[in-house]
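Structure first, commentary second.
The values are calculated or read from the model by the stated rules, or taken from the named source; none is laboratory data. These figures come from a predicted structure and were not determined experimentally. Cβ coordinates were reconstructed from backbone atoms using ideal geometry, including for glycine residues, and neighbour counts include every protein chain displayed. What goes into the accessible areas is simple: the full protein's heavy atoms, side chains included, and nothing from ligands, DNA or RNA. Shrake-Rupley method; radii C 1.70, N 1.55, O 1.52, S 1.80 Å.
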There are 4 protein chains.
Amino acid sequence: MIIVLKKGATKEEKENIINKIESLGLSVHVSEGKERTIIGAIGDESILRERPINSMPGVESVMPILKPFKLVSREFQKEDSIINISGDEIGGNKIQIIAGPCSVEDKESLLTTAKDVAKTGTAFLRGGAFKPRTSPYSFQGLGEEGLKYLKEAKEATGMRIVTELMDPRDLDVIYKYADVIQIGARNMQNFRLLKEVGGMDKPVLLKRGLSATIKEFLMSAEYIASEGNRQIILCERGIRTFETEMRNTLDVSVIPAIKRLSHLPVVIDPSHAVGRWDLVSAVSKAAIAAGADGLLIEVHCDPLNALCDGSQSLKPNKFAKLYEELKRIAKAVDRSL
Amino acid sequence: MIIVLKKGATKEEKENIINKIESLGLSVHVSEGKERTIIGAIGDESILRERPINSMPGVESVMPILKPFKLVSREFQKEDSIINISGDEIGGNKIQIIAGPCSVEDKESLLTTAKDVAKTGTAFLRGGAFKPRTSPYSFQGLGEEGLKYLKEAKEATGMRIVTELMDPRDLDVIYKYADVIQIGARNMQNFRLLKEVGGMDKPVLLKRGLSATIKEFLMSAEYIASEGNRQIILCERGIRTFETEMRNTLDVSVIPAIKRLSHLPVVIDPSHAVGRWDLVSAVSKAAIAAGADGLLIEVHCDPLNALCDGSQSLKPNKFAKLYEELKRIAKAVDRSL
Amino acid sequence: MIIVLKKGATKEEKENIINKIESLGLSVHVSEGKERTIIGAIGDESILRERPINSMPGVESVMPILKPFKLVSREFQKEDSIINISGDEIGGNKIQIIAGPCSVEDKESLLTTAKDVAKTGTAFLRGGAFKPRTSPYSFQGLGEEGLKYLKEAKEATGMRIVTELMDPRDLDVIYKYADVIQIGARNMQNFRLLKEVGGMDKPVLLKRGLSATIKEFLMSAEYIASEGNRQIILCERGIRTFETEMRNTLDVSVIPAIKRLSHLPVVIDPSHAVGRWDLVSAVSKAAIAAGADGLLIEVHCDPLNALCDGSQSLKPNKFAKLYEELKRIAKAVDRSL
Amino acid sequence: MIIVLKKGATKEEKENIINKIESLGLSVHVSEGKERTIIGAIGDESILRERPINSMPGVESVMPILKPFKLVSREFQKEDSIINISGDEIGGNKIQIIAGPCSVEDKESLLTTAKDVAKTGTAFLRGGAFKPRTSPYSFQGLGEEGLKYLKEAKEATGMRIVTELMDPRDLDVIYKYADVIQIGARNMQNFRLLKEVGGMDKPVLLKRGLSATIKEFLMSAEYIASEGNRQIILCERGIRTFETEMRNTLDVSVIPAIKRLSHLPVVIDPSHAVGRWDLVSAVSKAAIAAGADGLLIEVHCDPLNALCDGSQSLKPNKFAKLYEELKRIAKAVDRSL
């Protein structure tokens, strides 16, 4: 950690700062410049992070040297992590599509949608049984009944199931049915929930919070990894900005930026990012071109009667068309779909 | 709900839209303008909110007429809600201060801080036993042990206890010790947690999420109210913007804006909003001048050795000075402290 | 325009509102719903936009029906605009690359860079002679001398010149040398400058402001079009968000979103969007996949010694490699490069 | 400047970086830590700012030590700057109010408004003759005719005139009529305009850009100061965030934050910040409580017929009432109004 002293910091202030750092077990390296004195604290930086050195008299600013995440960092592991889900891999050369309705609404519509999606070659089915809804008066999901329908869809199509966990008390039931457990954007910093899935032996798809920085996103992944579970898939789903034309703003540059910082696979949820079905196709292609390892796309056999997020859902025929277009983009970046 | 048709929408498209609205049990009012045809849907708007009318062919845009929250709205209740906590009121003429350390770290420092805070006349003590921390390697709180220290501090000073609930599984233990249960900013849309505190008979202090709109904030309060608990205190604690000089950006205009929309009391957390102790005093005064019903201020007897948020904590003597200054501002807006 | 009245608005308030609308020459259509009375104002909406109807007693909210831009709207012109610049088109099937240094620094480096860029087949050369710099102590550009070097580069390579206009007083000199006049992000709402280029017969490349909404962006294009100049190229170059890992956040969804609203071509500036050369390649590919009509890429023969934005500049060999990769993406979306 | 090397940076990379720094005339101080090697560059940091050291092989990150602004910094001048405008001071103990219509629309309404405003004791009259409007179809201001009316209002009331300069070509005419020249938010980074007013001998009121950081805001002030003009008044007028309930988000913490960084006076424009007259009073009081040196308030004798920003304008009687309330807040922070 680097501590920059104020111009005119007194000798006593400087000594207090040095004493404080040394008392925490770190050693000190002082550099007197023309304009500023700079103190380098050498040793375990994490000890200092917890201390408000920046509010000590004489301190102008404090700059950490190391990144706060470890296990999920590219420095810790050079090779890309590849997550194996019953034989299907996320993070390898093949790009994976995770498609299906926002929420499981009834058996018929789920099975219809699932079968249509499966025809394209899509290996993963998404669908929420427990739904986080902004309004208490909106449809909140079918609960375990929805999970049972997902199981039926799995049996009928062979697809793997991705479904969301919202509450630590639902862990057992979700664990029973899910192949990948999703942590939603609103729970990205629900740290107790992160610890719970960190203690499990199932892959976790972690969505980026609406206004989470990349560092915070990776810190949340670190929570999971620090409990032992390294099967983590990161998912960008749009961030909140001033723009209102789209539901959120898809941050496509996050794909190469995270890949430099972390070894974890990155998938994109274009449906939530834009919130309008008519823009999903264009941004899906952009995501693949930028290096995404997969896409999470909302597909519904009858969007107009969907109980949740119908506006952003593709009809199966539009999804099938997009799937073919994505194959061409995948090939243009030397990957397969 | 108002549905604006595209220029050139066909007769068939128009009829489809009208049929859809009528099939949901609403009636329809059509207005043919020079540039656009407009369809008004008359009846229970909440039915339409769930349907993606905006993605029907021929629709240009859809505008809801009613606000999505009810119980917490000023329209539902004209008079200000006053929350009574064992005799001390939040939302009345008297402005309440809630002060104390970010987290409970040990008995001694908590009692020292609490006694210093109580001397000023402050009626509420804050302190976290379960702490949401960005890093899994940071101090996570003392758990129930911390709550016991809070109880001792309450016995020693007579102050009421405000402490955070992070996990539905901690509800019973938090309920036992807290006078006001805090829902933190990261959990503002943890809807299952909101429902839990909505089913209780204790006041809830609900913090605004980092990037939550005012409408979403009130919808989260509606979750609590819809379960029966109307004792809700709203807390603005800074929103996330592009500015990095401060930890967050305090949205002071939220105070009068919410008071027009809702009958609930509004308190401000200047400490988290700015994240720097040297700016806390100025923005605390601003909040009172703008009409806040209270402040949540971090005070620590030894900020430099605090395990959490020391940079934004005031020392007890600085807090005591601020308290006197706030009295003058309160008086200037015809309130007391 | 739709005016929603407050619940409980008085008869007098309603009549005042109706009288006001009628006095401005519009007619009125009243719809009494169960919860709200709604007044539709029929006629020239632009008259009402200028009036604060929303602050009249009894009014709850006001919703415009029409978009505020006309000439640049897709409704006004269904076909894509194709801008012809001495035979090279922007907005047609062929995707155009505009490459070169951020600023013109000296003749040698400009010519070296230009020749390297031209080898790939790139038809447009970018380079600033007048530079908007955050600091008054930074290199401010060579002025007309820089424009002369651009002319030499044009003669040597046959490329068209894209260069920025910052001040209406430089119009004549820029007009003399530029094939496309760039209006920078910081001047997107310099309305006097927009009017000046609107009165000219040269194509204008208009960059989106750092925090401009899509509607504001199109309104600035409307300023240019309303003065007669319809040769407008829109350029997204990243918006400002809370994220600090990249210089700005590239809003890739703006490409399909604008194409629905407007007939104007859209190009992307990946270099300013991310501000780091190592991310330029990924987001360039994303932009083409999403439907961009061109890219504006910073290339410098010696980035480490560049006087401006060296961190985001590609070396010519990296640019040549990217160019080949972009060809493959272009082909995958049925376009050429 | 501090350069942090990547873990595993080679000896050659390190030497290249050292050579580069030394070749620019700075000296080097190397510190080998357990995790990272850190290179301190000692000497004139501004030379290095222009160079992309961060993209040299082996570099992980670069941290500047000094702030990029000088003349406007608190370090350069410890005492508060007090700007004297024909005897009235901005930045001293007395808080100044600058009130009047958004734009000058006609002589009668201006004089009516001005006389009403003057009655309260307000010393400064605002009013735009050249107006930056989002739409080319909106009222663009009366030009010099408007300035003449301002002069008449000045003669009738004795108030000083604050009016906006949008274009360097209007400098002479604005100079002739204005007592304080305003640079609007959209022109905060119109650097050529900043240089022009920097070369003048009249006070400048510089508004913060919609999405300008505090550092960028101070860099724009530095542009003015670097040309010789030190009579600069900073004005916060709301920043752009995700919130849509208000026009912008007033950043009240900017007042104490800037006062730590700079000696310049800070005034607040509550009218543009919130964009709704009904919130102006609350945030005006907040601004004074937080330490603002003045307020810029829109007042119009007939807001409903205003040609610009009527929704956010106070009627004279409401302004007079607010003025009295502000006196009480000013007194509570030991200042006068």
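Please find, within segment A:38-65, the residue that is nearest to D:GLY33 (Cα to Cα) out of those that are away from chain B (no Cβ under 12 Å) and without any contact (Cβ under 8 Å) to a residue 40 or more places away in the chain.
Among residues in segment A:38-65 that are away from chain B (no Cβ under 12 Å) and without any contact (Cβ under 8 Å) to a residue 40 or more places away in the chain, the one nearest to D:GLY33 (Cα to Cα) is A:ILE42.
Out of all the residues in segment C:224-239, is one or more more than 12 Å from A:SER253 (Cβ to Cβ), open to solvent by less than 10 Å² (accessible area, probe 1.4 Å), acidic (Asp, Glu) and touching a residue at least 12 places away in the same chain (Cβ under 8 Å)?
Yes, segment C:224-239 contains at least one residue that is more than 12 Å from A:SER253 (Cβ to Cβ), open to solvent by less than 10 Å² (accessible area, probe 1.4 Å), acidic (Asp, Glu) and touching a residue at least 12 places away in the same chain (Cβ under 8 Å).
Would you say B:LYS215 is among the basic types (Lys, Arg) and crowded, with 21+ Cβ neighbours inside 10 Å?
Details: among the basic types (Lys, Arg): yes; crowded, with 21+ Cβ neighbours inside 10 Å: no.
When the stated conditions are applied, B:LYS215 does not pass them.
Residues C:ARG36, C:ARG49, C:ARG74: which one is open to solvent by 10 Å² or more (accessible area, probe 1.4 Å) and in contact with a Pro (Cβ under 9 Å, 6 or more places away or on another chain)?
Details: C:ARG36 fails: in contact with a Pro (Cβ under 9 Å, 6 or more places away or on another chain); C:ARG74 fails: in contact with a Pro (Cβ under 9 Å, 6 or more places away or on another chain).
The unique qualifying residue is C:ARG49.
Can you pull out every residue in segment C:153-170 that is within 16 Å of C:PHE124 (Cβ to Cβ) and touching a residue at least 12 places away in the same chain (Cβ under 8 Å)?
As a first pass, look at segment C:153-170 and keep what is within 16 Å of C:PHE124 (Cβ to Cβ): C:153-164.
C:ALA153, C:LYS154, C:ALA156, C:THR157, C:GLY158, C:MET159, C:ARG160, C:ILE161, C:VAL162, C:THR163, C:GLU164 - these are the residues of segment C:153-170 that are within 16 Å of C:PHE124 (Cβ to Cβ) and touching a residue at least 12 places away in the same chain (Cβ under 8 Å).
Every residue, every condition in (1) at pLDDT 95 or above; (2) in contact with a Lys or Arg (Cβ under 6 Å, 6 or more places away or on another chain); (3) among the hydrophobic types (A, V, I, L, M, F, W, C), yes or no:
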{"position": "A:GLN189", "(1), (2), (3)": "yes, yes, no"}
{"position": "A:ARG192", "(1), (2), (3)": "yes, no, no"}
{"position": "A:GLY199", "(1), (2), (3)": "yes, no, no"}
{"position": "A:GLU222", "(1), (2), (3)": "yes, no, no"}
{"position": "A:ALA225", "(1), (2), (3)": "yes, no, yes"}
{"position": "A:ASN229", "(1), (2), (3)": "yes, no, no"}
{"position": "A:ILE239", "(1), (2), (3)": "yes, no, yes"}
{"position": "A:MET246", "(1), (2), (3)": "yes, no, yes"}
{"position": "A:THR249", "(1), (2), (3)": "yes, no, no"}
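Please go through segment C:245-288 and give me each residue that is open to solvent by 10 Å² or more (accessible area, probe 1.4 Å), part of a loop (DSSP other than H, G, I, E, B) and facing chain A (nearest Cβ under 7 Å), ordered by number.
Passing the criteria: only C:GLU245.
Looking at C:ILE21, C:ILE97, C:ILE17, which one is β-branched (Val, Ile, Thr), assigned to a strand (DSSP E or B) and in contact with a helix residue (DSSP H, G or I) (Cβ under 9 Å, 6 or more places away or on another chain)?
Details: C:ILE21 fails: assigned to a strand (DSSP E or B); C:ILE17 fails: assigned to a strand (DSSP E or B).
Within the list C:ILE21, C:ILE97, C:ILE17, the selection yields C:ILE97.
Can you name the condition, by its number, that B:GLY92 falls short on among (1) open to solvent by 40 Å² or more (accessible area, probe 1.4 Å); (2) assigned by TED's automatic domain parsing to the domain that holds B:GLY291?
Result: B:GLY92 fails condition (1) only.
Can you tell me which condition C:GLU108 does not meet? The list is (1) facing another protein chain (nearest Cβ under 10 Å); (2) over 24 Å from the mean Cα position of the chain (by Cα); (3) without any contact (Cβ under 8 Å) to a residue 40 or more places away in the chain, and all the others hold.
For C:GLU108, the failing item is (1).
I'm trying to understand the selection: among the residues of segment B:314-324, which are open to solvent by 30 Å² or more (accessible area, probe 1.4 Å) and away from chain A (no Cβ under 14 Å)?
Pass one, segment B:314-324, residues open to solvent by 30 Å² or more (accessible area, probe 1.4 Å): B:315, B:317-318, B:320-321, B:324.
Correct list: B:ASN317, B:ALA320, B:LYS321, B:GLU324.
Consider A:ASN16 against the criteria (1) polar (S, T, N, Q); (2) open to solvent by 70 Å² or more (accessible area, probe 1.4 Å); (3) free of Cβ contacts under 8 Å to residues at least 24 places away in the same chain: it satisfies all of them except one. Which criterion is unmet?
With (1) polar (S, T, N, Q); (2) open to solvent by 70 Å² or more (accessible area, probe 1.4 Å); (3) free of Cβ contacts under 8 Å to residues at least 24 places away in the same chain applied to A:ASN16, the lone miss is (3).
State all residues of segment A:289-313 that are surrounded by 24 or more Cβ atoms within 10 Å (Cβ to Cβ) and farther than 29 Å from A:LYS107 by Cβ; if no residue qualifies, say none.
If the condition is that a residue be surrounded by 24 or more Cβ atoms within 10 Å (Cβ to Cβ) and farther than 29 Å from A:LYS107 by Cβ, then A:ALA289, A:ALA290, A:ALA292, A:ASP293 are the ones that fit.
Among the residues of segment D:167-183, what is the count of those that are polar (S, T, N, Q) and within 12 Å of D:MET200 (Cα to Cα)?
Filtering segment D:167-183 for residues polar (S, T, N, Q) gives D:182.
Subset that is within 12 Å of D:MET200 (Cα to Cα): none.
So the answer is 0.
Could you please tell me which pairs satisfy a Cβ distance under 6 Å, a separation of 6+ or placement on different chains, a first residue in segment A:289-313 that is within 7 Å of chain B (Cβ to nearest Cβ) and assigned to a strand (DSSP E or B), and a second residue that is at pLDDT 95 or above and open to solvent by 10 Å² or more (accessible area, probe 1.4 Å)?
Filtered contacts from segment A:289-313: no entries.
Might you let me know whether segment D:83-95 holds any residue that is farther than 30 Å from D:TYR149 by Cα and either within 14 Å of chain C (Cβ to nearest Cβ) or at pLDDT 90 or above (or both)? First the steps, then the outcome.
To start, the set of residues in segment D:83-95 that are farther than 30 Å from D:TYR149 by Cα comprises D:93.
Going one step further and asking which of them are either within 14 Å of chain C (Cβ to nearest Cβ) or at pLDDT 90 or above (or both), we end up with D:93.
Looking for residues that are farther than 30 Å from D:TYR149 by Cα and either within 14 Å of chain C (Cβ to nearest Cβ) or at pLDDT 90 or above (or both), one finds at least one in segment D:83-95, hence yes.
Could you list, in sequence order, all residues of segment D:173-206 that are within 13 Å of chain C (Cβ to nearest Cβ) and open to solvent by 10 Å² or more (accessible area, probe 1.4 Å)?
D:ALA185, D:ARG186, D:GLN189, D:ARG192, D:LYS195, D:GLU196, D:GLY199
Does A:HIS272 qualify as being over 20 Å from the mean Cα position of the chain (by Cα) and more than 14 Å from C:VAL252 (Cβ to Cβ)? Even if it seems obvious, please write down each step before you answer.
On the way: over 20 Å from the mean Cα position of the chain (by Cα): no; more than 14 Å from C:VAL252 (Cβ to Cβ): yes.
Taking the combined requirement at face value, the residue does not satisfy it.
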